[in-house]
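Undergrad: So that we are looking at the same thing, I have put the structure below in structure tokens.
The values are calculated or read from the model by the stated rules, or taken from the named source; none is laboratory data. On a predicted model such as this, the values are computed, not experimentally measured, just so you know. Cβ coordinates were reconstructed from backbone atoms using ideal geometry, including for glycine residues, and neighbour counts include every protein chain displayed.
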């Protein structure tokens, strides 16, 4: 579908929003006319009031002609002087695609690339073009893959996809506003009815009567009905616009294959879901490992640390690239499933560029470390920017040690102020207070109801876990244990020789029916600090 037909379709869909509003107003007017002619006075007044209350949001929504202004462009703006190689690559690809290069390039912290255009007059006139390029995406691609991604995005300019996007956005915003208005009205009616019934119940209770159950099911039903009408039109709108968006994505894929090569484009499409999954895991398991304790990786590593994980897990990432996401087709998805896109590209004739090699995509930047640091300045919250920064080995050790210390809090609290330390707790166990302390630990409802030996069996695992955490905390604080960073799996705890083998039996002895802290005390007394 050409740009003209797409513009006409977008205008028709936008006009349909206003026609729907006029149609609803006409129906309300017809209902008012009918009740004025035939309904009794009491019913006439109620219907007229309801009609006016429903008409106000419709008129209000139709009068909101202005689409909300976008927020300030995000990311870090880089000029041609800042990143000459990146700009040269983008300009070269724009010429090959056959379009004007973007006016701005902005680096972001997303596993994504995107283009926008500040079009005017409903897309009839072009405007400022921006290319958004995620550094985590660059961290996972080589130059050939990045060229394919850039060619894809620049291909959207060729077909006026970005210019005509404003029309689709306006219609979605208008429909969304109407749905929000009616839901807000319905919620207000529910709240009002709930408050009325609660006041009535309070009066009944004050007179010694039983309060009735609160029932707000019928409140706001007319507003919710109107919301459902607009929701149905919204679904039609999305179906109509997203089908076109999917075709645009496939056309941009073909442009990328033509410019960057079939195999490079297919590899990039396969890589993006894998990079995205790896980045999610990295952010939650590595970058955010110490945030609960006010710790962050060194500058440039909050988003840049993904490079280390991708390098260490190259085989795992390669496997993810081969196993494409099994996405169910949805009429509301703006992108076709990745598997479908890859299959279309790989079905193209061999263009002879399968053996083209290239370096890492981040190599296009003058200083990847400086760029990654600059991204943190605009992406992290003010609170995060004031956190203490540590190199990866120290970050892992301190964050995991803090987690262990937090795991001792329940047992310390149960032991009381006089027995919160490990030596004091061992003394308390020797004094016969083991199960008194264990009884104060948090427990399930079933455990709380148990007595005698059953209660002891419920308490023993929690007591053992808490004691194990206390021992580990003591070893960490004294330098006799250390957490080690691993990019291929969870952090590992390094203990003095023989401790890992002897510790389980010592913990079992200390939490037995007849506790014996001797093995644990002997084990701890033998340990020396680990060599640095």
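Undergrad: Look through 255, 260, 298 and report the one residue that is touching a residue at least 24 places away in the same chain (Cβ under 8 Å) and under 29 Å from residue 403 (Cα atoms).
TA: Only one candidate qualifies: 298.
Undergrad: Mind checking which residues of region 459-468 are more than 12 Å from residue 503 (Cβ to Cβ) and buried (at least 20 other Cβ atoms within 10 Å of the Cβ)?
TA: 459, 463, 466
Undergrad: Going by what's in this entry, would residue 440 be described as assigned to a helix (DSSP H, G or I) and assigned by TED's automatic domain parsing to the domain that holds residue 481? Before you say what the answer is, go through the steps one by one.
TA: Values: assigned to a helix (DSSP H, G or I): no; assigned by TED's automatic domain parsing to the domain that holds residue 481: yes.
No.
Undergrad: Which of the residues that make up region 489-515 are in contact with a strand residue (DSSP E or B) (Cβ under 6 Å, 6 or more places away or on another chain) and part of a helix (DSSP H, G or I)?
TA: The answer is none; no residue qualifies.
Undergrad: Somewhere in region 511-521, is a residue farther than 25 Å from residue 442 by Cβ, in contact (Cβ under 8 Å) with a residue 40 or more places away in the chain and out of contact with any helix residue (DSSP H, G or I) (no Cβ under 8 Å at 6 or more places or on another chain)?
TA: no
Undergrad: Out of all the residues in region 75-110, which are over 20 Å from residue 127 (Cα atoms), surrounded by fewer than 18 Cβ atoms within 10 Å (Cβ to Cβ) and in contact (Cβ under 8 Å) with a residue 60 or more places away in the chain?
TA: The answer is 84, 85, 89, 96.
Undergrad: From the list 44, 69, which one is assigned to a loop (DSSP other than H, G, I, E, B) and modelled with pLDDT under 85?
TA: So the residue among 44, 69 that is assigned to a loop (DSSP other than H, G, I, E, B) and modelled with pLDDT under 85 is 69.
Undergrad: Conditions first: (1) in contact (Cβ under 8 Å) with a residue 12 or more places away in the chain; (2) surrounded by 14 or more Cβ atoms within 10 Å (Cβ to Cβ). Residue 427 passes all but one, so which condition is the exception?
TA: Only one criterion is unmet by residue 427, namely (1).
Undergrad: Does region 405-417 include one or more residues that are more than 30 Å from residue 452 (Cβ to Cβ), surrounded by fewer than 16 Cβ atoms within 10 Å (Cβ to Cβ), in contact with a helix residue (DSSP H, G or I) (Cβ under 9 Å, 6 or more places away or on another chain) and not assigned by TED's automatic domain parsing to the domain that holds residue 299?
TA: Within region 405-417 (the criterion being more than 30 Å from residue 452 (Cβ to Cβ), surrounded by fewer than 16 Cβ atoms within 10 Å (Cβ to Cβ), in contact with a helix residue (DSSP H, G or I) (Cβ under 9 Å, 6 or more places away or on another chain) and not assigned by TED's automatic domain parsing to the domain that holds residue 299), the answer is yes, since at least one residue qualifies.
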